[in-house]
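Enquirer: Could you have a look at this structure, given as structure tokens, before my questions?
The values are calculated or read from the model by the stated rules, or taken from the named source; none is laboratory data. Note that the coordinates shown come from a computational prediction; the quantities given were computed from them, not determined experimentally. Cβ placement follows ideal geometry from the backbone for every residue including glycine, while neighbour counts extend to all protein chains displayed.
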Amino acid sequence: MNSENSASLSPGSLLGGRYVVQRVLGQGGFAITYLARDELERNLAVAVKEFFPEEIVKRGVGDRIALRGSDFADDFGYIRRQFLL
């Protein structure tokens, strides 16, 4: 976790075994966007958008996303499907 924003990933975090987080570009109610390096594409700079609906999730162990409560499981699934469209 990043000390400036407990929800965001720290610089150097590895996503998908491929993308190395550099810094946060922006954050809204449903996502955090990072500037990252693509290690498989010669360190190409990319933007990575992480699904993070802050009202219903928190950062858990190992930087994983965890529901704030089991009541939010259906909401999380629905919102996630909309995010991926």
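Enquirer: For residues that are touching a Phe, Trp or Tyr at 6+ places or on another chain (Cβ under 9 Å) and either of a type outside the set (A, V, I, L, M) or surrounded by 13 or more Cβ atoms within 10 Å (Cβ to Cβ) (or both), tally how many sit in segment 37-54.
Expert: Residues meeting the conditions: 11.
Enquirer: While we're looking at this one, here's another question. Does segment 56-68 contain at least one residue that is in contact (Cβ under 8 Å) with a residue 60 or more places away in the chain, closer than 25 Å to Q82 by Cβ and not in a strand (DSSP E or B)?
Expert: Yes, there is a match, as at least one residue in segment 56-68 is in contact (Cβ under 8 Å) with a residue 60 or more places away in the chain, closer than 25 Å to Q82 by Cβ and not in a strand (DSSP E or B).
Enquirer: Need the failing condition index for V57 against (1) modelled with pLDDT of 95 or more; (2) surrounded by 14 or more Cβ atoms within 10 Å (Cβ to Cβ); (3) in contact with a Ser or Thr (Cβ under 8 Å, 6 or more places away or on another chain), just the number.
Expert: (3)
Enquirer: If L44 meets every condition in (1) in contact with a helix residue (DSSP H, G or I) (Cβ under 6 Å, 6 or more places away or on another chain); (2) modelled with pLDDT of 95 or more apart from one, which number is that one?
Expert: Only one criterion is unmet by L44, namely (1).
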